[in-house]
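**Student:** Questions regarding the structure given below will be posed in turn.
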Amino acid sequence: MAGAQKSLGNIRRNFDPWNDPAAKPLIEFDHVTKRFGGSVAVDDLSLGIYDREFFALLGPSGCGKSTLLRMLAGFEEPTDGDIRLGGESLKGVPPYRRPLNMMFQSYALFPHMNVEKNIAFGLRQDGMARSEIDARVEEMLRLVKLEPFRRRKPSQLSGGQQQRVALARSLAKRPKVLLLDEPLGALDKKLREETQFELMDLQQELGLTFVIVTHDQEEAMTMADRMAVMRAGKICQVAPPAVVYEAPTSRYVADFVGNVSLIEAEVESVSSGMATLRSPAGRIETETAAALTPGQTVAFAIRPEKVRLSRRAAEAGAANTLSGTVWDIAYLGDVTLFNIRLSGGETVRSTVINAARVAPEQIAWEEEVTLTFERDAGVVLAE
Ligand SMILES: Nc1ncnc2c1ncn2[C@@H]1O[C@H](COP(=O)(O)OP(=O)(O)OP(=O)(O)O)[C@@H](O)[C@H]1O
Ligand SMILES: [Mg+2]
């Protein structure tokens, strides 16, 4: 796996303290468990987040993301385990004494204060000089594009605008660590993308550490240095987005992040870095770093953009060549997603980039097609 990972991840910048055994994380969750009555929200979870890292938490509803942030912010105490910041335990430290700020999933704005006053609130409390407050509020208004709305009360704003006020308010104090729980959920797609890049610039510029919870995996992939995929209070995988996407370690992660086709198969033979799999759809020859034994049942996971689609008839017996019928076509503008039903009954997806505005010979429903892929296109998953 080490070889495969070398070329993945760290696309954005030269920042990978998690690969440095001497680097100490800024934030450490050390075997943290949180129980509410009989149910476990966070389950013996250990995780390190580094200074200046942009870290994203991803997972289905109810998996414990907000609970994890709330414990870090000090609004909940762990039932078991310890959370440390800069090497010091946060046990018993009240929220306002922690050098971090949290923007909540339900952003509570002060209803009687206008936008400016909402943003300035924390700064006033800290006794910052008037001129400095004004300058900071101005900067924040510009950042979230709310200059024209500065005198409005929250009730006079749309949901997305209110969310931007909350974002500006939590950024205004420039906390060392900023915890963001679904910060962009109410924004439309375009504004959301703009704000993502602005958040990234801001984080870099101010040297902050961000921990963000999001339902939107594209958002996590765009912004994060590393992301953690959670399930039922546990972390399944934590790695840079490209590693999670290209080298998932389980069916669950492969399926949760991005589009994937999972083909159930049996390991036929294994030799240095290569495996041959047998599936009802055909023979698969693939590179793999997994420790496999012949006879073992695995899933072969392959992303739709790595599957080529053609009308050519399949060569009999050729590996990595599957034949099937077009079952579904989804035109998405930039790409078209084809669902192909294989002879064994499984479905494999293939995306075709719409490079030309008018494609002369579009493949249509019910057509017989051949799918091919390279030996390094997919991942073998035992878990
Ligand atoms: N105060 C509480 N009392 C009892 N149970 C709670 C409490 N807070 C959270 N839970 C439970 O803990 C689990 C994790 O909740 P949490 O809010 O962390 O989920 P989440 O991952 O943030 O979900 P979402 O994506 O929907 O916001 C859920 O089953 C939830 O019902
Ligand atoms: Mg939540």
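The values are calculated or read from the model by the stated rules, or taken from the named source; none is laboratory data. Just so it is clear, the structure is predicted and the values come from calculations on it, not from any experiment. Using ideal geometry, Cβ is built from the backbone for each residue, glycine included, and neighbour counts are taken over all protein chains shown.
**Student:** Hey, can you tell me all the residues within the stretch 36-55 that are touching a helix residue (DSSP H, G or I) at 6+ places or on another chain (Cβ under 7 Å), more than 16 Å from ligand 2 (Cβ to nearest atom) and assigned to a strand (DSSP E or B)?
**Tutor:** F54 - this is the single residue of the stretch 36-55 that is touching a helix residue (DSSP H, G or I) at 6+ places or on another chain (Cβ under 7 Å), more than 16 Å from ligand 2 (Cβ to nearest atom) and assigned to a strand (DSSP E or B).
So that you can scan it fast, the table gives a plain yes or no per residue for (1) at negative phi; (2) part of a helix (DSSP H, G or I); (3) within 16 Å of ligand 1 (Cβ to nearest atom); (4) charged (D, E, K, R):
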residue	(1), (2), (3), (4)
A135	yes, yes, no, no
E138	yes, yes, no, yes
R151	yes, no, no, yes
Q161	yes, yes, no, no
A168	yes, yes, no, no
R192	yes, yes, no, yes
Q196	yes, yes, no, no
I212	yes, no, yes, no
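**Student:** Next question, about the same structure. For F373, which of the numbered conditions (1) out of contact with any helix residue (DSSP H, G or I) (no Cβ under 9 Å at 6 or more places or on another chain); (2) among the aromatic types (F, W, Y); (3) within 30 Å of S271 (Cα to Cα) fails to hold?
**Tutor:** (1)
**Student:** While we're on this one: Take the stretch 30-46 and flag every residue that is crowded, with 19+ Cβ neighbours inside 10 Å and among the hydrophobic types (A, V, I, L, M, F, W, C).
**Tutor:** V32, A41, V42, L45 - these are the residues of the stretch 30-46 that are crowded, with 19+ Cβ neighbours inside 10 Å and among the hydrophobic types (A, V, I, L, M, F, W, C).
**Student:** Kindly provide the set of residues from the stretch 228-249 that are closer than 19 Å to A41 by Cα and either hydrophobic (A, V, I, L, M, F, W, C) or not in a loop (DSSP other than H, G, I, E, B) (or both), ordered by number.
**Tutor:** Within the stretch 228-249, A228, V229, M230, R231, A232, K234, I235, C236, Q237, V238 meet the criteria.
One line per residue, one yes/no per condition, for (1) touching a helix residue (DSSP H, G or I) at 6+ places or on another chain (Cβ under 6 Å); (2) at pLDDT 95 or above; (3) more than 10 Å from ligand 1 (Cβ to nearest atom):
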{"site": "L57", "(1), (2), (3)": "yes, yes, no"}
{"site": "L68", "(1), (2), (3)": "no, yes, no"}
{"site": "M71", "(1), (2), (3)": "no, yes, no"}
{"site": "T79", "(1), (2), (3)": "no, yes, yes"}
{"site": "D82", "(1), (2), (3)": "no, yes, yes"}
{"site": "E88", "(1), (2), (3)": "no, yes, yes"}
{"site": "P95", "(1), (2), (3)": "yes, no, yes"}
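**Student:** Filter the stretch 62-81 for residues that are of a type in the set (G, A, S), over 15 Å from H31 (Cα atoms) and either without any contact (Cβ under 8 Å) to a residue 60 or more places away in the chain or more than 9 Å from ligand 2 (Cβ to nearest atom) (or both) and give the result.
**Tutor:** G62, A73, G74
**Student:** Please enumerate the residues belonging to the stretch 174-185 that are away from ligand 1 (no atom under 13 Å from the Cβ), in contact with a strand residue (DSSP E or B) (Cβ under 6 Å, 6 or more places away or on another chain) and not hydrophobic (A, V, I, L, M, F, W, C).
**Tutor:** Answer for the stretch 174-185, where residues must be away from ligand 1 (no atom under 13 Å from the Cβ), in contact with a strand residue (DSSP E or B) (Cβ under 6 Å, 6 or more places away or on another chain) and not hydrophobic (A, V, I, L, M, F, W, C): just P175.
**Student:** I would also like to ask the following. Which residues, taken from the stretch 89-133, are assigned to a loop (DSSP other than H, G, I, E, B), within 16 Å of ligand 2 (Cβ to nearest atom) and buried (at least 18 other Cβ atoms within 10 Å of the Cβ)?
**Tutor:** Correct list: F104, Y107.
**Student:** Does A224 meet the test of being of a type in the set (G, A, S) and within 30 Å of R251 (Cβ to Cβ)?
**Tutor:** Answer is yes for this residue.
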